[in-house]
1. Name the residues in the range 111-122 that are closer than 15 Å to Ile14 by Cα, touching a strand residue (DSSP E or B) at 6+ places or on another chain (Cβ under 7 Å) and of a type outside the set (Lys, Arg), would you?
2. Quick one: how many residues across the range 86-110 are surrounded by fewer than 18 Cβ atoms within 10 Å (Cβ to Cβ) and either closer than 21 Å to Gly9 by Cβ or aromatic (Phe, Trp, Tyr) (or both)?
3. For the structure I just gave you, tell me whether Gly257 is in a strand (DSSP E or B), modelled with pLDDT of 85 or more and in the same structural domain as Glu176 (by TED's automatic domain parsing).
4. Name, by its number, the condition in (1) loosely packed, with under 13 Cβ neighbours inside 10 Å; (2) within 18 Å of Val118 (Cβ to Cβ); (3) not hydroxyl-bearing (Ser, Thr, Tyr) that does not hold for Leu24.
5. From Ala205, Ala199, Ala213, which residue is of a type in the set (A, V, I, L, M) and modelled with pLDDT of 85 or more?
6. What number of residues in the range 87-118 are within 22 Å of Leu49 (Cα to Cα), out of contact with any Lys or Arg (no Cβ under 7 Å at 6 or more places or on another chain) and either outside the structural domain of Leu29 (by TED's automatic domain parsing) or outside any helix (DSSP H, G or I) (or both)?
7. Being within 24 Å of Tyr138 (Cα to Cα), modelled with pLDDT under 95 and not basic (Lys, Arg) narrows it down to one residue among Val2, Val22; which is it?
8. Can you find a residue that is more than 22 Å from Leu8 (Cα to Cα), out of contact with any Phe, Trp or Tyr (no Cβ under 7 Å at 6 or more places or on another chain) and not in a loop (DSSP other than H, G, I, E, B) anywhere in the range 21-42?
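The values are calculated or read from the model by the stated rules, or taken from the named source; none is laboratory data. These numbers were taken from a predicted model, which means no experiment stands behind them. As a convention, Cβ positions derive from the backbone with ideal geometry for all residues, glycine included, and neighbour counts pool all protein chains shown.
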Amino acid sequence: MVDLSDILGAKILIVDDLEANVRLLDRMLRQAGHTCVASTMDPHEVCGLHRDNRYDLILLDLEMPGMDGFQVMEGLKEIEADGYLPILVITAQPDHKLRALEAGARDFISKPFDLVEVRTRIRNLLEVRLLYRKVENYSKVLEQTVKERTAELRESEARYRSLTELASDWYWEQDESLRFTRVSGPVLEMLGIQGDGVAGETKEAQGAGWNEAERAILKAKMAARQPFLDFVYSRANPDGSHQYFQVSGEPMFDLSGRFTGYRGIGLDVTARMHPDKVAS
């Protein structure tokens, strides 16, 4: 909602080549409590005045010598980039009303003036205009907030990856098909996977000495979209030695709840598991 104080404090410009009309409208507005009312009898000044003051409402006479109200509206369109012209036209010609609305005016008042009608139309237009500006300002604030939040998330993600890289041998991400989309560290070589293969599903990984019971447990967790923490699995090397890997991962979902993949970290914990039998 718009406060009455905002409506009464809105900036209004009266444009009419007849001094009597200007005085009448100015007196009516001030008696109604409006505190920021300006006027001009020269239509050529309107665009410059609006560019400098950004009026909330312009009361514009259509029939003026040298430059009529329609020409003034064309000039104002170049200033109002959003296409919203805060104009209430004044006319004594009924056939001008539709043309004025098509040219961008928001409403019209007829001569001779009905002061009650004029006050009502002005109040309604100002309320709409101020609400429009509130929405516009809110949209700008929201857009800036989204930009700042996005930057914060990217910075947070960068810090997260930096920390995980320091605390692990590798950081990894997989898509919804469990194909590696991002890898930091020698994870593919350590796991015997080439290219964009799926963990535990490539020919390179099959028959490479993995403990299939352990791998089955891990694959079941991932198939169920479950997180896992410090899961250890192993493989036997051709020389009889064993390697042990500890991995933690969490499933990722988009805003609609659709599964989009996994991300996690991993460590080669062979030295910790069997310090006397570390693979060379």
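1. Within the range 111-122, Val118, Ile122 meet the criteria.
2. The qualifying residues number 1.
3. When the stated conditions are applied, Gly257 does not pass them.
4. All conditions are met except number (1).
5. Residue meeting the stated conditions: Ala213.
6. Total meeting the criteria: 4.
7. Val2
8. No.
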